[in-house]
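Worksheet for the structure shown next.
The values are calculated or read from the model by the stated rules, or taken from the named source; none is laboratory data. These numbers were taken from a predicted model, which means no experiment stands behind them. Here the Cβ positions follow ideal geometry from the backbone for every residue, glycine too, while neighbour counts run over all protein chains shown.
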Amino acid sequence: LACFTGFAQDEAFNYEEAKVPPFSLPDPFVSLKGEPIETIQDWEIQRRGEIVSLFENEVYGQVPRDLDAIRFELISEDTQAMNGNAHLKEIDILVERDGDSNRLRLILFIPNALTGPAPVFLLINHRDPENIDPTRQVKTGFWPAEKIVQRGYAAATFHVNDVSDDTNETFKEDILNTLYPEQLEMGNGMRGLGAWAWGAMRAMDYFVTDAQIDARRAAVVGHSRGGKASLWTGAQDTRWAITISNESGCGGAALSRRRFGETVKRINTNFPYWFTDNFNRYNDQEDLLPVDQHLLVAAIAPRAVYVASASEDQWADPKGEFLSLRHGTRVHREIYGMEGAFPSVLPAPESPLHLPYAGHHIREGKHNLTPYDWQRFMDFADQLYRKSYE
Ligand code: GTR
């Protein structure tokens with residue numbers, strides 16, 4: 001499916017490094033009260049929570065946690081899916097609140113070759129509906145489930161339209177109208193991206209109940225708008241071992257203050273239903289933001305984070321994505337003492353850099369999520385899990 005990447009030709013958008021304005025980034029190591037953040041305690045008790053609240057209030061809106069009931073219904077199952085290589089489960093996640101309910105379909109392939117519980121990759125799928133067809137008639141590189149299973153990982157996905165449609169006309173359908181209508185009235189209320197993050201968290205609620213899944217080794221993956229939602233998921237929900245952003249760009253991994261490619265104003269104009277209303281305050285006013293996207297990466301610490309870009313995806317600002325990763329993971333290094341650091345220059349395409357706590361690569365080519373990207377994510381997970389479980 002072609003993805004909407006218009007406006008890239010528009011002259012009003014900057015693609016020249018020399019024209020990036022000077023800016024200074026909010027400091028991860030100074031609290032809102034101006035106190036220094038030096039220890040794990042300072043970080044976990046004070047600063048991380050402050051940062052998550054700032055993103056809630058100014059960027060993505062809240063992600064409500066209250067619900068009356070959550071149930072998991074096994075809709076269908078095939079222990080010999082993918083030519084006998086996988087155990088397929090189709091699970092409906094039913095959430096109830098105030099007498100209303102929402103149904104979210106999770107597709108899960110668990111490798112049969114494993115003896116113990118399987119580590120899992122969850123894709124927040126905003127694209128091809130084929131990906132949630134359990135028969136796998138149409139296989140896309142966007143979600144190469146067979147290849148994921150082959151490498152010993154469970155492959156899970158859901159479609160964002162089950163929680164909030166990806167259109168301005170109908171995004172309120174599903175959980176915003178049914179479960180959390182009061183959010184629609186709030187300047188810091190949940191919108192599309194927050195709802196998708198909510199969906200990923202409900203998938204995690206399921207993983208922890210399935211004995212065939214090792215929920216302590218779970219990765220959340222999203223591409224582009226899905227990558228924005230994935231970072232927002234990992235920043236709030238500490239149950240994810242790895243948070244992966246593929247070409248998430250503006251409002252994802254890219255630093256807003258660089259104003260390179262897509263800008264805050266452009267994204268709020270084209271997609272008024274993705275971010276919370278307060279985010280509009282920063283249209284053409286990026287320097288007033290109390291956060292920038294490096295702090296979203298920071299909020300994931302000490303858990304692992306992966307940022308991937310594509311060389312021809314300048315709209316998403318690969319350099320700005322890398323800088324967020326480099327600045328945000330200072331928390332991993334300087335607070336948690338983790339080893340290794342990213343270089344100060346942008347790595348060349350197709351030279352992945354996998355540190356013990358964070359990964360990066362730039363794929364050659366256009367805006368997309370491809371088997372190359374997935375193989376690198378799994379390389380990173382192999383390395384991380386080997387280290388922490390040996
Ligand atoms: C674009 C949008 C980006 C990105 C992309 C996608 O149109 O400007 O922020 O989200 O869509 O999701 O593929």
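Would a scan of the range 266-284 turn up a residue that is in contact with a Lys or Arg (Cβ under 7 Å, 6 or more places away or on another chain) and charged (D, E, K, R)?
yes
Just checking, does the range 296-316 include any residue being within 15 Å of the ligand (Cβ to nearest atom), hydrophobic (A, V, I, L, M, F, W, C) and without any contact (Cβ under 8 Å) to a residue 24 or more places away in the chain?
The answer is no; no qualifying residue exists.
Condition check: out of contact with any helix residue (DSSP H, G or I) (no Cβ under 6 Å at 6 or more places or on another chain), over 30 Å from Q41 (Cα atoms) and loosely packed, with under 14 Cβ neighbours inside 10 Å. Does E339 satisfy that?
No.
Please go through the range 228-262 and pick out each residue that is closer than 23 Å to D128 by Cβ and either of a type in the set (S, T, N, Q) or without any contact (Cβ under 8 Å) to a residue 40 or more places away in the chain (or both).
Scanning the range 228-262 gives S230, T233, T243, S245, N246, S248.
Is the range 308-327 home to any residue that is within 23 Å of Y357 (Cα to Cα), among the charged types (D, E, K, R) and surrounded by fewer than 23 Cβ atoms within 10 Å (Cβ to Cβ)?
There is at least one residue in the range 308-327 that is within 23 Å of Y357 (Cα to Cα), among the charged types (D, E, K, R) and surrounded by fewer than 23 Cβ atoms within 10 Å (Cβ to Cβ).
How about the range 170-200: which of its residues are in contact (Cβ under 8 Å) with a residue 12 or more places away in the chain and assigned to a loop (DSSP other than H, G, I, E, B)?
Residues satisfying the conditions are F171, K172, D174, L179, Y180, M186, G187, N188, G189, M190, R191.
With the requirement that a residue be of a type in the set (V, I, T) and closer than 19 Å to A381 by Cα, what does the range 302-351 give you?
V305, V307, T329
Under the condition of being in a loop (DSSP other than H, G, I, E, B) and crowded, with 23+ Cβ neighbours inside 10 Å, which residue from the range 264-288 is farthest from the ligand (Cβ to nearest atom)?
So, considering only residues that are in a loop (DSSP other than H, G, I, E, B) and crowded, with 23+ Cβ neighbours inside 10 Å, the one farthest from the ligand (Cβ to nearest atom) is T276.
Run Y372 past the list (1) more than 25 Å from V20 (Cβ to Cβ); (2) assigned to a loop (DSSP other than H, G, I, E, B); (3) among the aromatic types (F, W, Y) and report the number of the one that doesn't hold.
Against the list (1) more than 25 Å from V20 (Cβ to Cβ); (2) assigned to a loop (DSSP other than H, G, I, E, B); (3) among the aromatic types (F, W, Y), Y372 comes up short only on (2).
Residue-wise test of (1) surrounded by 20 or more Cβ atoms within 10 Å (Cβ to Cβ); (2) over 22 Å from A381 (Cβ atoms); (3) at pLDDT 95 or above; (4) touching a Gly at 6+ places or on another chain (Cβ under 6 Å).
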site: I175; (1), (2), (3), (4): yes, yes, yes, no
site: P181; (1), (2), (3), (4): no, yes, yes, no
site: M186; (1), (2), (3), (4): no, yes, yes, no
site: M190; (1), (2), (3), (4): yes, yes, yes, yes
site: D205; (1), (2), (3), (4): no, no, yes, no
site: Q212; (1), (2), (3), (4): no, no, yes, no
site: A219; (1), (2), (3), (4): yes, no, yes, no
site: R225; (1), (2), (3), (4): yes, yes, yes, no
site: A229; (1), (2), (3), (4): yes, no, yes, yes
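Of the residues that make up the range 338-358, is at least one touching a residue at least 12 places away in the same chain (Cβ under 8 Å), within 16 Å of the ligand (Cβ to nearest atom) and either in a helix (DSSP H, G or I) or closer than 30 Å to F13 by Cβ (or both)?
No, there is no match, as no residue in the range 338-358 is touching a residue at least 12 places away in the same chain (Cβ under 8 Å), within 16 Å of the ligand (Cβ to nearest atom) and either in a helix (DSSP H, G or I) or closer than 30 Å to F13 by Cβ (or both).
Just give me the residues in the range 219-258 being of a type in the set (K, R) and away from the ligand (no atom under 14 Å from the Cβ), in sequence order.
Once the filter is applied, which keeps residues that are of a type in the set (K, R) and away from the ligand (no atom under 14 Å from the Cβ), the range 219-258 yields R239, R257, R258.
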